[in-house]
1. Can you pull the semi-axes for the stretch B:60-168, root of five times each eigenvalue of the Cα gyration tensor, sorted largest first, whole Å?
2. Mind checking which lysines have their C-alpha under 22 Å from A:Lys116, skipping anything on the same chain fewer than 8 residues away?
3. Within the set B:Lys52/B:Lys89; A:Lys345/B:Lys227; A:Lys77/B:Lys42; B:Lys89/B:Lys250, which residue pairs have Cα atoms separated by over 28 Å?
4. Amide H neighbours of B:Thr228 under 5 Å, at least 5 residues apart or on other chains, H built in the peptide plane: list them.
5. On a 25 Å Cα-Cα criterion, which of the cross-link pairs A:Lys104/B:Lys154; B:Lys18/B:Lys226; A:Lys42/B:Lys155 come out too long?
6. Let me see the P(r) profile for the protein assembly as shown: every Cα-Cα distance counted, bins of 20 Å, each bin given as a percent of all pairs.
7. Based on the alpha-carbon gyration tensor of the stretch B:52-94 and its eigenvalue square roots a ≥ b ≥ c, which shape applies: rounded if a/c is under 1.5, prolate if not and a/b is larger than b/c, or oblate?
8. Using Cα-Cα distances under 8 Å and only pairs 6 or more residues apart, what relative contact order does the stretch A:8-105 have, in percent?
Amino acid sequence: MSDQGRQFGVEVREEEGEVVWSFSGEWVLRVASNQRRDVYRKRLVHSLREGRKIRLEMKRMKDWDTSFLGFLEALRKTGVNEHGCTFVDESVPDGMRKLMNLAKAVPEVPSEKSEKPDSFLTQVGLGTVGVFQGIRCYHEFIGKLLLDFGRLVLGRASWRTKDFWLALQQAGPQALPIVTLLAFLTGLIIAFIGAIQLQKLAADIFVADLVGLSMTRELAAVMTGVIMAGRTGAAYAAQIGSMRVNEEIDALQSLGISPIQFLVLPKVIALVLMMPLLTAFANVVSIFGGLLVAMGVTDVTVAQYHWQIVGAVSGIDVLVGLFKSMIFGVIIALSGCYRGLRCGKDAASVGRATTSAVVTAITWIVVFDALFAVVFHILGI
Amino acid sequence: MRDEEKKLCQEPIIEARKLTMAYGSLVVQKDLNFKVRTGEVKVIMGGSGCGKSTLLQHLIGMMAPAAGEIFFFGEPIPSEEGRLRNLRKRFGVLYQGGALWSSLTLAENVALPLEEYTDLNKREIAELVDFKLSLVGLSGLGRRYPSELSGGMKKRAGLARAMALDPEVLFFDEPSAGLDPLSSRRLDELILSLRETLQATIVVVTHELDSIFAIADSALFLDSGKKTATAEGDPRKLRDDENAPSSVRKFLRREADS
Ligand SMILES: Nc1ncnc2c1ncn2[C@@H]1O[C@H](COP(=O)(O)OP(=O)(O)OP(=O)(O)O)[C@@H](O)[C@H]1O
Ligand SMILES: [Mg+2]
């Protein structure tokens, strides 16, 4: 069955003051090619004149599908709206007329969206308003969170312990393998780079100081933060975001349940509790990684390494790291949940919410880390 | 040509033989035997949760039967990806939730199958999309996003998308859920004229009794208790047939269990 020999066409002629459009052949998607249709469309549009009567004739038409109806309806609209033509469809097959009437049954809604893009000034204005609205929303969110936290402390919040355990499980034990692996490798890398440089000065033993100090004070917390932002923060945003898409958040609110109590608080608290534990673990693992390099690349022994670490790293250093990690936990959980709650109602905005949750979290982690460095320096800690 | 078509009409377009459907070990329906003939409107009915949507998933080849077979045009549903895709091109599916792509506008939703599978140019696609949207009563709303629509409007837009390519077989999962009586009447008319003019075969899942009596050539009744089809046939006859299972008659007469 080749489509080659199959034809379709239209003839325009005048008869008793009427214009007759006489369609013939097979007006179906498979047969009717684009160029031919364009030619026919031009011919038909050309015959549309002020106030004319147009008779549709389809006796010679063999086959048609809705692509023909789309073609015809568009022409009819132009004819009626722009030229005040009337169409006579007596000889149109019944089935086709039914479909055409169905299409006309509901009047067209005048399109409410303008195609013209906003002017530059409007865009700037909208952008500025958007920024301020964003800031306000964020403050509102933080405020509500603090209020709900207060209620929780007073024991007046709707708190689901099961959800909390689940959040703890997700933010803690389930993140342990990836945190362990990356901390171990970081310890290894820092020790390796350090060892090669320090060997030149015959100061091999200071590998321990390098690994111990940099990890406990800075890197363990920051690294765990970045990992958790990508892992848990993104998950929070995606979960809450898709709940918004499904109207689950609306359902909570309409029941008078605060989504912040119900969804956000357990997650924030879980992450704040788990971050220091993960960081502490990262400390230990990375120092162990450093030890392996120290023993392999230099002649430092286990005992030497141990005493060197104990001498170099003070309790304060460890506490500083752990404290920072708690703050990072707050940042990650808040950006995840906030972006999730502010998510739009379509799938694409869940994606955007997730991305921006991770980006926001990592940005603030680094900014806060810098702030802490300055503050602790001034305080002399 | 005519005779050939007549003969085709006798041929079942879809046939299920001893079909068993299951999610893992949870059997939803078993031992389904039925045929859908070319050009008929087949209604699948039954209580909520009895497996109607699951049956549609099987018919469009999205789920594999746990046992038994489904035939399309006399051949079993191909397992090979390419042939399955070719088969699916001949289907139009309306999912229960509408399943519109949320990042595309209504018009783009309906246009996507046309862009993928035809070589129409932009203007023709736009004309066709306008027409399809007006068929479901949504003309002029093409530039809205699905999130800006009501539930019933989403349903109707899904319908327009399912019809985009004038497929041979249309599967509608509860097309009239969420529609007002008038729109739902128009939908019935649309289904009937699609069948009449385009010779489409239509499989509809619906609970609307009015609709069932208006459109169905044949109905298949799935029972959630017995986990199999308890009746098949013309719904008007089933309603009045004293031999039909009482659950089916009650369903069709809208009687409560006493
Ligand atoms: N993904 C799934 N996994 C396990 N069981 C499922 C799954 N989807 C559905 N079910 C079960 O299969 C059965 C049939 O579901 P199905 O969605 O087909 O019902 P339905 O007849 O379409 O109901 P409704 O009229 O409410 O749409 C139900 O009992 C449901 O619990
Ligand atoms: Mg269903």
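The values are calculated or read from the model by the stated rules, or taken from the named source; none is laboratory data. What you see is a predicted model, and the numbers here were worked out from it, not measured in a lab. FYI the Cβ positions are ideal-geometry reconstructions off the backbone, even for glycines, and counts take in every protein chain you see. Surface areas here come from the heavy atoms of the whole protein model, side chains and all, with no ligands, DNA or RNA. Shrake-Rupley method; radii C 1.70, N 1.55, O 1.52, S 1.80 Å.
1. In descending order the semi-axes read 28, 17, 11 Å.
2. Excluding near neighbours in sequence, the set is B:Lys122.
3. A:Lys345/B:Lys227; A:Lys77/B:Lys42; B:Lys89/B:Lys250
4. B:Lys30, B:Asp223
5. Result: A:Lys42/B:Lys155 exceed 25 Å.
6. With a bin width of 20 Å, the distribution comes to 15, 34, 29, 17, 5, 0.
7. Taking the square roots of the gyration eigenvalues as a ≥ b ≥ c, the stretch B:52-94 is oblate.
8. Across the stretch A:8-105, relative contact order equals 30 percent.
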